[in-house]
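Quick notes on the structure that follows.
The values are calculated or read from the model by the stated rules, or taken from the named source; none is laboratory data. The model shown is predicted, which means the values in this text are computed figures rather than measured ones. Don't worry about glycine lacking a Cβ; one is built from the backbone with ideal geometry, like all the others, and counts go over all protein chains shown.
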Amino acid sequence: MKRRAWMKTGLGLGLLPLLSEAAARLQWRDITFTGLGTVLSIRAAHHDVALLERALQQAKQVIARIEDQMSLFRPDSAIRQLNREGVLRAPAPDLLHVLQRSQQFAAHSQGAFDITVQPLWRAFEQAKQYGALPDAREVKAAAQNVGWQRLVVDAREVRFLTSGMGITLNGIAQGYAADRVRETLKQAGIAHALINTGEWSSLGQSAHGADWSLGVADPREAHALLGRLSLRGRCVATSADDLSAFSEDRRHHHIFDPRTGYSPADLASVTVAASSCLQADALTKVLFVAGYERALAVAKSWQVEALVVHKSGRWQASPGLQWQSA
């Protein structure tokens, strides 16, 4: 899946506060590297540079372990093995946790979030290689292999109940990775950081002593921003119809409604702010399936805040998002 940087680092909203003496002594470091199918970055600070460098390397190791388990881009990953063989015994703790949480999201969203949509992605990707879309018969056949209820997850093994199934964690693994990196940095003593794993998390304040803020890209204008939001300690995830489209009009893309086998019809992008990136990442898909008119009500029911952009360009945001339009 192609992903692009949806958020741009900001300097905080409003006037910049005076820096304390301790804040002025902080040493900032930036690292950028590839993983999870995208370009990742971490900006962090500490007065002890050696400690900071160790913490950043530990964060990269966390990402590598998650990729070993959850990446479709690595042929030897655990979920690639599951998709090939239909069973995975003794799943690693990180993978088990994400699979269990995925099943919980599926149950609570009445199947709007479903990691077993991989057969649909395969059908559309295979057709795209020939410059086409799958026909209705092919979509129906792929959809018959989708269903979170036929995925068995426990500590002993993960298995499919029927052949032809497959999972993708592209809709939740980046969010989980952001949560784990944040936890790793915090345990290492890092108090200020901005984490980009394809989704966004933060600690403390920016180098200017202000809250971290992010600019949200316009899904219809490559270099334009819709506006800017303040993180306030929250995690932020965005899904959009232009990140991996199967048709030029973006009617068909990598986000599927498991109930129809096709992409949701009316939304161009969804941004969710939540207490965890895993939750924010998963709920962008739930709101996509809910559609423009219902999305904010669904966000409220999950106790998160959202910005949703219609394919026509109009948008709406939750009242508590701390959002400033461009």
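Before moving on, here are some points about what is shown:
- Test: residue in the stretch 139-149 that is among the aromatic types (Phe, Trp, Tyr) and touching a Gly at 6+ places or on another chain (Cβ under 9 Å): yes
- The number of residues in the stretch 127-137 that are crowded, with 16+ Cβ neighbours inside 10 Å and either acidic (Asp, Glu) or without any contact (Cβ under 8 Å) to a residue 40 or more places away in the chain (or both) comes to 1.
- Count of the stretch 116-168 residues which are closer than 22 Å to residue 73 by Cβ, in contact with a Leu (Cβ under 9 Å, 6 or more places away or on another chain) and of a type in the set (S, T, N, Q): 4
- Among the residues of the stretch 208-231, the one identified as surrounded by fewer than 20 Cβ atoms within 10 Å (Cβ to Cβ), among the hydrophobic types (A, V, I, L, M, F, W, C) and outside any loop (DSSP other than H, G, I, E, B) is 225.
- Identity of the residue in the stretch 104-119, in a loop (DSSP other than H, G, I, E, B) and among the hydrophobic types (A, V, I, L, M, F, W, C), that ends up surrounded by the most Cβ atoms within 10 Å (Cβ to Cβ): 113
- No other residue among 177, 155, 142 is in contact (Cβ under 8 Å) with a residue 40 or more places away in the chain and outside any helix (DSSP H, G or I) apart from 155.
- When 316, 279 are checked against the criterion of being of a type in the set (S, T, N, Q), modelled with pLDDT of 95 or more and either over 28 Å from residue 181 (Cβ atoms) or more than 15 Å from the chain's Cα centre (by Cα) (or both), 316 stands alone in meeting it.
- Some residue of the stretch 247-262 being under 30 Å from residue 44 (Cα atoms) and surrounded by 24 or more Cβ atoms within 10 Å (Cβ to Cβ): no
- Selection within the stretch 275-304 - free of Cβ contacts under 8 Å to residues at least 40 places away in the same chain and touching a strand residue (DSSP E or B) at 6+ places or on another chain (Cβ under 7 Å): 287, 291, 292, 295, 296, 299, 304
- Considering only residues in the stretch 158-171 that are within 15 Å of residue 86 (Cβ to Cβ) and in contact (Cβ under 8 Å) with a residue 60 or more places away in the chain, the one that is surrounded by the fewest Cβ atoms within 10 Å (Cβ to Cβ) turns out to be 163.
- Check on residue 320, part of a loop (DSSP other than H, G, I, E, B) and either touching a residue at least 40 places away in the same chain (Cβ under 8 Å) or surrounded by fewer than 22 Cβ atoms within 10 Å (Cβ to Cβ) (or both): yes
- Options 51, 16; residue that is modelled with pLDDT under 90 and either surrounded by fewer than 19 Cβ atoms within 10 Å (Cβ to Cβ) or of a type in the set (Ser, Thr, Tyr) (or both): 16
Residues checked against (1) on the phi > 0 side of the Ramachandran plot; (2) touching a strand residue (DSSP E or B) at 6+ places or on another chain (Cβ under 7 Å); (3) in contact (Cβ under 8 Å) with a residue 60 or more places away in the chain:
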{"site": "100", "(1), (2), (3)": "no, yes, no"}
{"site": "103", "(1), (2), (3)": "no, yes, no"}
{"site": "119", "(1), (2), (3)": "no, no, no"}
{"site": "125", "(1), (2), (3)": "no, no, yes"}
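- Test: residue in the stretch 74-97 that is surrounded by fewer than 13 Cβ atoms within 10 Å (Cβ to Cβ), at pLDDT 95 or above and within 19 Å of residue 202 (Cα to Cα): no
- Failed criterion for residue 122 (all others in (1) assigned to a helix (DSSP H, G or I); (2) buried (at least 18 other Cβ atoms within 10 Å of the Cβ); (3) of a type outside the set (Ser, Thr, Tyr) hold): (2)
Residue-wise test of (1) crowded, with 23+ Cβ neighbours inside 10 Å; (2) under 22 Å from residue 172 (Cα atoms); (3) in contact with a strand residue (DSSP E or B) (Cβ under 9 Å, 6 or more places away or on another chain).
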residue: 206; (1), (2), (3): no, no, yes
residue: 233; (1), (2), (3): no, yes, yes
residue: 241; (1), (2), (3): yes, yes, yes
residue: 273; (1), (2), (3): yes, yes, yes
residue: 309; (1), (2), (3): yes, yes, yes
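- Residue ID - farthest from residue 235 (Cα to Cα), chosen from residues in the stretch 183-207 that are free of Cβ contacts under 8 Å to residues at least 40 places away in the same chain and assigned to a helix (DSSP H, G or I): 187
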